[in-house]
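All remarks here apply to the structure that follows.
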Amino acid sequence: MSSEVIPDRYKLIFYVPTTHLNLCKDAVFETGAGSFNNYSRCCFQSLGQGQFQPSDSANPAIGTIGSLESVEEMKVEVMCPGRSVMLRAVEALVKAHPYEEVAYEVYKMENV
């Protein structure tokens, strides 16, 4: 095993309607997320179907209050080198995302 110190890494996973995919990815990448050695703007994405039903107090960007909505969305996974990059990436995602409530997850990765 190498004695080299490996910086903390985080994985940011988010769901976004396909209409806003590039806008959200660009915002996240501008923070330094998705950088890995000699590569940048790295991510994995897969197509899926999101579902939600806005409550009476919601302000939905898509859909109608009280009606079940189904939207074609992309799941995007991106690595963040360091906690500060991850925090900036989440902040940029929330600003760029069209939804009132942004669905995202963050995981701290093990250094092995």
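Have a look at Gly50, Gly63 and point out the one that is in contact with an Asp or Glu (Cβ under 8 Å, 6 or more places away or on another chain) and on the phi > 0 side of the Ramachandran plot.
Numbers: Gly50 fails: on the phi > 0 side of the Ramachandran plot.
Exactly one residue qualifies, and that residue is Gly63.
Looking at region 15-32, I want the residues that are over 17 Å from Val106 (Cα atoms) and have a partner that is of a type in the set (Phe, Trp, Tyr) and surrounded by 18 or more Cβ atoms within 10 Å (Cβ to Cβ) with Cβ atoms under 9 Å, at least 6 apart or on another chain. Which pairs are those?
If the second residue must be of a type in the set (Phe, Trp, Tyr) and surrounded by 18 or more Cβ atoms within 10 Å (Cβ to Cβ), the pairs left are Pro17/Tyr99; His20/Tyr99.
Kindly provide the set of residues from region 63-108 that are assigned to a loop (DSSP other than H, G, I, E, B) and within 11 Å of the chain's Cα centre (by Cα), ordered by number. Steps first, answer last, please.
Taking region 63-108 and keeping what is assigned to a loop (DSSP other than H, G, I, E, B), we get 63-68, 82, 97-103.
Result: His97, Val102, Ala103.
Are any residues in region 97-112 out of contact with any Phe, Trp or Tyr (no Cβ under 9 Å at 6 or more places or on another chain) and more than 20 Å from Asn22 (Cα to Cα), and if so, which ones?
Those that are out of contact with any Phe, Trp or Tyr (no Cβ under 9 Å at 6 or more places or on another chain) and more than 20 Å from Asn22 (Cα to Cα): Glu110, Asn111, Val112.
Of all the residues that make up region 72-96, how many are closer than 17 Å to Leu21 by Cβ and free of Cβ contacts under 8 Å to residues at least 12 places away in the same chain?
1
So, in region 63-83, how many residues would count as being farther than 19 Å from Cys43 by Cβ and surrounded by fewer than 14 Cβ atoms within 10 Å (Cβ to Cβ)?
So the count comes out to 7.
Bear in mind these aren't lab numbers, they're just calculated from the coordinates by the rules spelled out. For clarity, every value in this text was computed on a predicted model and none was experimentally measured. Don't worry about glycine lacking a Cβ; one is built from the backbone with ideal geometry, like all the others, and counts go over all protein chains shown.
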